[in-house]
Amino acid sequence: MNVINLSTVACSDTSGTDTPIDAQNADSDPTGRIVFQSNRRNSLNIYIMDADGDNVKRLTQGRDSHPDLSSDGRIVYESVSCNQYDLFIINDR
(Lines give C-alpha, C1' and ligand atoms only; values in the text may rest on other atoms or scores of the structure.)
Protein backbone atom coordinates (compact mmCIF):
# COMPACT_ATOMS: atom_id res chain seq x y z
CA MET A 1 0.00 0.00 0.00
CA ASN A 2 1.40 3.41 -0.98
CA VAL A 3 0.40 6.62 0.82
CA ILE A 4 1.10 9.92 -0.94
CA ASN A 5 0.91 13.27 0.91
CA LEU A 6 -0.78 15.97 -1.21
CA SER A 7 0.05 18.87 1.27
CA THR A 8 -23.51 8.50 7.84
CA VAL A 9 -23.26 5.31 8.47
CA ALA A 10 -24.11 4.65 12.15
CA CYS A 11 -23.46 1.45 14.08
CA SER A 12 -24.57 0.46 17.56
CA ASP A 13 -21.89 -2.21 18.06
CA THR A 14 -19.64 -1.32 20.97
CA SER A 15 -16.94 -3.96 20.46
CA GLY A 16 -16.83 -4.72 24.16
CA THR A 17 -16.45 -1.12 25.32
CA ASP A 18 -18.83 1.48 26.71
CA THR A 19 -18.10 3.78 23.76
CA PRO A 20 -20.38 3.22 20.77
CA ILE A 21 -18.73 2.84 17.39
CA ASP A 22 -19.41 5.74 15.07
CA ALA A 23 -18.89 5.27 11.35
CA GLN A 24 -19.41 8.19 8.97
CA ASN A 25 -18.61 9.60 5.54
CA ALA A 26 -18.90 6.32 3.67
CA ASP A 27 -18.11 6.06 -0.03
CA SER A 28 -18.14 3.04 -2.35
CA ASP A 29 -16.72 2.00 -5.70
CA PRO A 30 -18.23 -0.12 -8.50
CA THR A 31 -16.62 -3.28 -7.10
CA GLY A 32 -18.54 -2.86 -3.84
CA ARG A 33 -15.67 -1.80 -1.59
CA ILE A 34 -16.78 0.70 1.05
CA VAL A 35 -14.42 3.21 2.66
CA PHE A 36 -15.45 5.10 5.80
CA GLN A 37 -14.17 6.93 8.87
CA SER A 38 -14.72 5.49 12.33
CA ASN A 39 -13.73 6.08 15.94
CA ARG A 40 -13.79 2.36 16.78
CA ARG A 41 -10.32 2.51 18.37
CA ASN A 42 -10.97 5.77 20.23
CA SER A 43 -9.30 7.70 17.40
CA LEU A 44 -10.73 8.73 14.05
CA ASN A 45 -9.27 6.46 11.35
CA ILE A 46 -10.05 5.38 7.79
CA TYR A 47 -11.34 1.83 7.19
CA ILE A 48 -12.30 -0.22 4.17
CA MET A 49 -14.61 -3.23 3.90
CA ASP A 50 -16.51 -5.37 1.43
CA ALA A 51 -20.09 -4.40 0.56
CA ASP A 52 -21.42 -7.21 2.77
CA GLY A 53 -19.50 -5.87 5.81
CA ASP A 54 -16.80 -8.53 5.72
CA ASN A 55 -13.03 -7.95 5.62
CA VAL A 56 -12.96 -4.68 7.58
CA LYS A 57 -9.43 -3.29 7.46
CA ARG A 58 -8.06 -0.18 9.17
CA LEU A 59 -5.99 1.86 6.71
CA THR A 60 -4.76 4.75 8.87
CA GLN A 61 -3.65 5.59 12.41
CA GLY A 62 -4.31 9.13 13.51
CA ARG A 63 -6.88 11.87 13.19
CA ASP A 64 -8.06 11.01 9.68
CA SER A 65 -11.41 11.75 8.07
CA HIS A 66 -13.48 12.39 4.94
CA PRO A 67 -12.41 9.41 2.81
CA ASP A 68 -13.34 9.31 -0.87
CA LEU A 69 -12.79 6.50 -3.38
CA SER A 70 -11.62 7.65 -6.78
CA SER A 71 -12.71 5.93 -9.99
CA ASP A 72 -9.30 4.23 -10.26
CA GLY A 73 -9.56 2.73 -6.75
CA ARG A 74 -7.35 5.17 -4.86
CA ILE A 75 -8.54 6.54 -1.53
CA VAL A 76 -8.20 10.24 -0.76
CA TYR A 77 -8.60 11.41 2.84
CA GLU A 78 -7.90 14.34 5.16
CA SER A 79 -5.56 14.17 8.14
CA VAL A 80 -4.82 16.71 10.85
CA SER A 81 -1.68 17.04 12.94
CA CYS A 82 -0.65 20.07 15.03
CA ASN A 83 -3.69 21.93 13.65
CA GLN A 84 -2.36 21.42 10.11
CA TYR A 85 -4.71 19.74 7.61
CA ASP A 86 -3.25 17.70 4.75
CA LEU A 87 -4.67 15.48 2.02
CA PHE A 88 -3.33 11.98 1.43
CA ILE A 89 -3.84 9.32 -1.24
CA ILE A 90 -3.72 5.58 -0.56
CA ASN A 91 -3.11 3.22 -3.48
CA ASP A 92 -4.82 0.19 -1.96
CA ARG A 93 -4.91 -2.02 -5.05
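The values are calculated or read from the model by the stated rules, or taken from the named source; none is laboratory data. This one's a predicted model, so the numbers in the text were calculated from it and none came from an experiment. Glycine gets a Cβ as well: all are built from the backbone with ideal geometry, and neighbour counts include every protein chain shown. For the accessible areas, the whole protein counts, side chains as well, though only heavy atoms, and no ligand, DNA or RNA atoms are used. Shrake-Rupley method; radii C 1.70, N 1.55, O 1.52, S 1.80 Å.
List the residues whose amide H sits under 5 Å from the amide H of ARG40, counting only those 5 or more places along or on another chain, with H placed 1.01 Å from N in the peptide plane. Excluding prolines and chain starts, which carry no amide H, the hits are ASP22, ASN45.
Taken one residue at a time, the phi angles of segment 64-71 give Karplus couplings (6.51, -1.76, 1.60, θ = phi - 60°) of 10, 7, 6, x, 8, 8, 7, 5 Hz. Gly and Pro are set to x.
By a 1.4 Å probe calculation restricted to protein chains, TYR47 has an accessible surface near 10 Å², given to the nearest 10.
Extending 7 Å from the Cα toward the beta-carbon at both THR31 and TYR85 defines two label points whose distance is 3.0 nm.
A cut-off of 5 Å between modelled amide H atoms, ignoring neighbours fewer than 5 places along the same chain, links ASP92 with ILE75. Take the Cβ atoms of ASP92 and ASP22, set R0 to 25 Å, and the FRET efficiency comes out at 0.65. Annotation for ASN42 and LYS57: the two label points, set 7 Å from Cα along the Cα-Cβ direction, are 2.7 nm apart.
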